[in-house]
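Reviewing the structure listed below.
The values are calculated or read from the model by the stated rules, or taken from the named source; none is laboratory data. Only a predicted model underlies this, so the values are computations on that prediction, with no experimental measurement involved. Note that each Cβ is placed from the backbone with ideal geometry, even for glycine, and that neighbours are counted across all protein chains shown.
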Amino acid sequence: MEHQHLALVVDDEPQMLDIVTFALETQAFSHVSAKDAVTAWQLFRARHFDLVVLDVMLPQSSGLSLCRRIREVSDVPVLLLTAKSGVQDRIAGLEAGADDYVTKPFHPRELALRAEAIVRRSAPTPESSELVHGPLRISQEKATVHGRYLHLSALELRLLRRLASAHGQPVSFRDLLLSGWQIDEGPGGREMLKTALYRVRKALHGEGLPRAIRAVRGVGYELGGPGG
């Protein structure tokens, strides 16, 4: 029997909850909902979820704060809902650890497809080989340095894996954007990429690889020598 994905939907507007849950049901998601960050956190800690759909504007505590809290303990895909479409707003979401975002108002079909896509991209593929780059080992499920687990989101892991698959050669901005978000270059795309890779660099720096990811001017990024 095929596994039915379970989503945690967090929004304080009843009408928006109805729209989001309806959209998810079209992709065969089951769901649990919460109207505030406190309740959402309690639910998240009590059950295993395959996806979190999270409104940025919540009572008591912001969606970004909850996203950061989730990211401290889990790499579950997080899809943000936001009424703000500016580049800096999207970057703030990525800095909080989100994998993708949908700007309100949106068509339910768009949300459903984005939700299905990020869950699919984050799912491990048994036949995929592990990539080895010096002390760095990267599978579709996790990355380790000298056997120590790197705490990365599903998005960040995809970007690191794409860099490692190039075996030290530069990977273009466009290629990385397609690997991370399945989007071509557009307004703010490179800034989004820079923000996401900053988080990967920070994780690698904490394990003694401060210069593992290098920018290649006018081209993209590359994974440096095995010694970092």
Within region 161-189, residues within 21 Å of R114 (Cα to Cα), in contact (Cβ under 8 Å) with a residue 60 or more places away in the chain and either outside any loop (DSSP other than H, G, I, E, B) or not polar (S, T, N, Q) (or both) come out as W181, P187, G188
### Message
Could you go through region 89-96 and let me know if any residue there is assigned to a helix (DSSP H, G or I), more than 15 Å from the chain's Cα centre (by Cα) and outside the structural domain of L159 (by TED's automatic domain parsing).
### Response
yes
Given (1) out of contact with any Gly (no Cβ under 7 Å at 6 or more places or on another chain); (2) under 22 Å from Q182 (Cα atoms); (3) surrounded by 15 or more Cβ atoms within 10 Å (Cβ to Cβ), S85 misses just (3)
Taking region 10-39 and keeping only residues that are touching a helix residue (DSSP H, G or I) at 6+ places or on another chain (Cβ under 6 Å) and within 19 Å of E72 (Cα to Cα), one is left with V10, A37
Listed by first then second residue, the pairs whose first member lies in region 94-118 and is over 19 Å from R201 (Cα atoms), whose partner is part of a helix (DSSP H, G or I) and charged (D, E, K, R), with beta carbons under 7 Å and at least 6 positions apart or on separate chains, are D100/R114; Y101/R90; V102/E110; V102/R114
Within region 63-82, the residues that are at pLDDT 90 or above and surrounded by fewer than 17 Cβ atoms within 10 Å (Cβ to Cβ) are S65, R68
How many residues of region 213-228 are over 13 Å from L152 (Cβ atoms) and at pLDDT 85 or above? The answer is 10
Check on R90, among the charged types (D, E, K, R), within 25 Å of S30 (Cα to Cα) and surrounded by 20 or more Cβ atoms within 10 Å (Cβ to Cβ): no
Checked pairs for region 11-35, first at positive phi and small (G, A, S), second assigned to a loop (DSSP other than H, G, I, E, B) and modelled with pLDDT under 95, C-beta under 9 Å and 6 or more apart or across chains, list as A28/E2; A28/Q4; A28/H5
Taking region 153-176 and keeping residues at pLDDT below 90, touching a Lys or Arg at 6+ places or on another chain (Cβ under 8 Å) and among the hydrophobic types (A, V, I, L, M, F, W, C) leaves A154
Residue set V76, V38, V53; condition assigned to a strand (DSSP E or B) and of a type outside the set (G, A, S); output residue V53
